[in-house]
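Here the structure comes first, spelled out in structure tokens, and everything after it is commentary.
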Amino acid sequence: MGQINTMNTLRQTVRLLVLLAFVALFAWGCAQKQAIKSVDMLSTPNLLMEADTAWQAKRFEATELYYATALERQDLVRSKLPTIYARLAESAYTNGHYHQARIALENWANIDSSALELVSWEITYLNTMAALGKTERLQNHLKWTLENHVIPWPTRREVALWYSAYFQQKDDFELALDVLDGFYKQAPGMAAQATFEHEFLQKIQVYDDNLIVDLSKSVTVTNQWRFPYAMIGFERGVRDSSDEEAWSLTWRTMRNLVANAKLADPIPLENKLAELEARYGLPRIGLALALPLTGPYGKVGIKVLRGAGLAQWRLAQEGVDVDLRVINTEAPGWDKRLAELPGHYTVVGGPLRVKAFKRLYELHSPGAEVLKNRAVFSFLASLGDLEEGRDAWRFFTSRNDEVRSLVSLAVNELNIKDLAVFYPEEKFGRTMAKTFYKEVSPLGGRIRGMRSYPPGNLKQWGKSTGKLLNVPANFSENKDVPLPLPDFGAVFIPDGWNQAQTLLPNFFFYEGDQLLFLGPGLWSRALDSAKDIDEHYYRLAVCPGAWWEGSEGGRALQSALTEEGLGQADFWVALGFDFIRFVGKFGALPVNWDADEVNKRILAAQEMDFSMAHMTWDSRGVGSQDLYLFSPVRGGKQLVNAEKLSARIAYAKARRERRVEAYEKRMEEEKEKQGNSVFKTQQ
């Protein structure tokens, strides 16, 4: 071991020890006035007997003196040295003689390297180095112990616990847990891991609340299921369990840890949770879904409810009781019934129609009470006049999500920075066009063209397309003349899929076939059921979507639906399934909840496996979704491959250049013919 310093001679060391021991004895004797036999009068065997008696009686001052003197004797049997050094080191440390303890430990290890495998040597050595302030030595020893697998596991386990306590004293709580994590991974089997867990649990159960809080700050989403983080998180829950208002959220956190923690022996945690459940009861989560179950959107509402029912059943299997109430937003007086639900229905999902959502904040509407008393998560792209994260929340794709995903693809992956917008003159088109315009510049793009078209007048669509592309007025008279390239490389068309099938051919008519066509999420949802698509017009078309059946979450949802005989998965089923599970992690709100409490819970609940595209919320409660990007194909849609898309754009541009070159060559030939004809006439 590189940390142990060898003294020049054993005799020099012993003399130093004896000198220090006599100094210690003098100080001790003045205070204690306890008789000690003269060491010079004792034979070596008798001296060792006196030393042993003092050791057993824990008279460490006498022990230090006797053993230090024994090391000076010429007739000392060498086999006695390990015991002498061990007791001398501990006695000297106890007496505050840290240098003497260090020398005894080092000499012990020099005559018997196996001493380093003993818990007694390691702990005394570590305590001594800490008392001497040997920070670098401690760091080196930690590294050495982690890498030295010859040291028996029980010794290494105790070293790990010592270092954890040491770093706690230094207020380095992250490292205090990290060192335990490092040693635990090296435990030789589950039995060894279980013993480590039990010993650590006994220690943290006597920690004060402040220390548990400090340690729990190092528990993150990525480490929460591992030792020791899972046990710290659980113990934090134990300390918080007496808070009646927080019990629902605390219980759910502890329940998740018991169910998901990767521990060798979770039984102690299970038993403690059962004890707390018996004392405080099993919390129920009251959740209301405001959905259209009849009328034109009834089928959509039923799909959401199908996914919600599956999630409710799955949570029940995990011991999470979600009390679900469904309100049909197509029935008269639905908002009044929602407002009159019992107080434990603290969370509302929906509505999913703008008209219904407005009922929740119209003046004198019964629904206005809902926003005051319950946390509402709408299934809409926008909250209208309400402030997201304060008045209500959103569990749905936003317009900004759609636009950002499209612009990011064009600008960052395809290097198309010049873009245009071609939108219908109605509310949705204008809103999406405005959103696109605002989002482009921060993402590194530029708007080079913007044109609207009348949504109901198909005859005008071709002319509007021509104006966007700056097609010359005499185009119809000179169809052979290549049209100039537009100032942009991509165009955003915020309209439905049916309209897109009529709009896109106009761009091809005006030689805009090298453009990237960006569509809204409406295209993606329509493509889920579209068939026999003419791929010719859509090879450079892209649209965002929150649902992909081939994703890991999509496949898992379909498997669960199939197992229960509940049919086919799609976006709406995924929405209901994800929302109920989200609320299952979110929990029942306390009586006096506020927006900050909701936002805090969202940050914890969002770390789940979504079946649709993953949603996240910032600290202000504003949500966003990382959408998939699709291209239309004959059988529906497929994920975008940016490299293939770039190659297609390059091919379309090259084809157009060849067409222009052919035209210019033909013009040169005709010009040459005309020149020859004039020359012959002049002759």
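Taking the stretch 595-625 as the range and being in a loop (DSSP other than H, G, I, E, B), within 27 Å of residue 558 (Cβ to Cβ) and at pLDDT below 95 as the test, the residues that pass are 606, 607, 608, 609. The one condition from (1) in contact (Cβ under 8 Å) with a residue 24 or more places away in the chain; (2) within 23 Å of residue 515 (Cβ to Cβ); (3) surrounded by fewer than 21 Cβ atoms within 10 Å (Cβ to Cβ) that residue 434 does not meet is (1).
The single condition from (1) crowded, with 17+ Cβ neighbours inside 10 Å; (2) assigned to a helix (DSSP H, G or I); (3) not aromatic (Phe, Trp, Tyr) that residue 412 fails is (1). Restricted to the stretch 83-96, and to residues that are of a type outside the set (Ser, Thr, Tyr) and closer than 10 Å to residue 68 by Cβ, which residue is modelled with the lowest pLDDT? The selected residue is 84.
Confirm whether residue 524 is in the same structural domain as residue 410 (by TED's automatic domain parsing), part of a helix (DSSP H, G or I), modelled with pLDDT of 90 or more and touching a Gly at 6+ places or on another chain (Cβ under 9 Å). The answer is yes for residue 524.
Scanning the stretch 571-583 for residues that are under 23 Å from the mean Cα position of the chain (by Cα) and surrounded by fewer than 24 Cβ atoms within 10 Å (Cβ to Cβ) returns a single hit, 582. Of the helices (runs of 4 or more DSSP H) contained entirely in the stretch 80-151, those carrying at least 2 residues that are assigned by TED's automatic domain parsing to the domain that holds residue 67 fall at 81-94, 98-111, 119-131.
For the stretch 517-558, residues that are more than 14 Å from residue 612 (Cα to Cα) and either out of contact with any Lys or Arg (no Cβ under 9 Å at 6 or more places or on another chain) or among the β-branched types (Val, Ile, Thr) (or both) total 12. If you go through the stretch 599-625 and keep only what is closer than 17 Å to residue 549 by Cβ and among the charged types (D, E, K, R), you end up with just 609.
Among the residues of the stretch 429-462, those identified as hydroxyl-bearing (Ser, Thr, Tyr), assigned to a helix (DSSP H, G or I) and in contact with a helix residue (DSSP H, G or I) (Cβ under 8 Å, 6 or more places away or on another chain) are 431, 435. Pairs meeting the criteria (first residue in the stretch 650-666 and modelled with pLDDT under 80, second residue not in a helix (DSSP H, G or I), beta carbons under 6 Å, at least 6 apart or on different chains) are 656/514; 660/482; 663/482.
Residues that are aromatic (Phe, Trp, Tyr), in contact with a strand residue (DSSP E or B) (Cβ under 9 Å, 6 or more places away or on another chain) and more than 24 Å from residue 243 (Cβ to Cβ) do not occur anywhere in the stretch 589-609.
Residue count for the stretch 243-257, restricted to those that are in a helix (DSSP H, G or I) and out of contact with any Lys or Arg (no Cβ under 7 Å at 6 or more places or on another chain): 9. If you go through the stretch 191-242 and keep only what is more than 28 Å from the chain's Cα centre (by Cα), touching a residue at least 12 places away in the same chain (Cβ under 8 Å) and part of a helix (DSSP H, G or I), you end up with 191, 192, 195, 198, 199, 203. Among the residues of the stretch 296-304, are any over 21 Å from residue 392 (Cβ atoms), of a type in the set (D, E, K, R) and not in a loop (DSSP other than H, G, I, E, B)? Among the residues of the stretch 296-304, at least one is over 21 Å from residue 392 (Cβ atoms), of a type in the set (D, E, K, R) and not in a loop (DSSP other than H, G, I, E, B), which makes the answer yes. Against the conditions (1) assigned to a strand (DSSP E or B); (2) surrounded by fewer than 23 Cβ atoms within 10 Å (Cβ to Cβ), residue 536 satisfies every one except (1). Just checking, does the stretch 348-366 include any residue being free of Cβ contacts under 8 Å to residues at least 40 places away in the same chain and under 23 Å from residue 249 (Cα atoms)? Scanning the stretch 348-366 turns up no residue that is free of Cβ contacts under 8 Å to residues at least 40 places away in the same chain and under 23 Å from residue 249 (Cα atoms). Among the residues of the stretch 342-365, which ones are aliphatic (A, V, I, L, M) and surrounded by fewer than 20 Cβ atoms within 10 Å (Cβ to Cβ)? Result: 354, 363.
The values are calculated or read from the model by the stated rules, or taken from the named source; none is laboratory data. Since the model is a prediction, treat every value here as computed from it, not as a measurement. For neighbour counting, all protein chains shown are included, and Cβ atoms are generated from backbone atoms with ideal geometry for every residue, glycine included.
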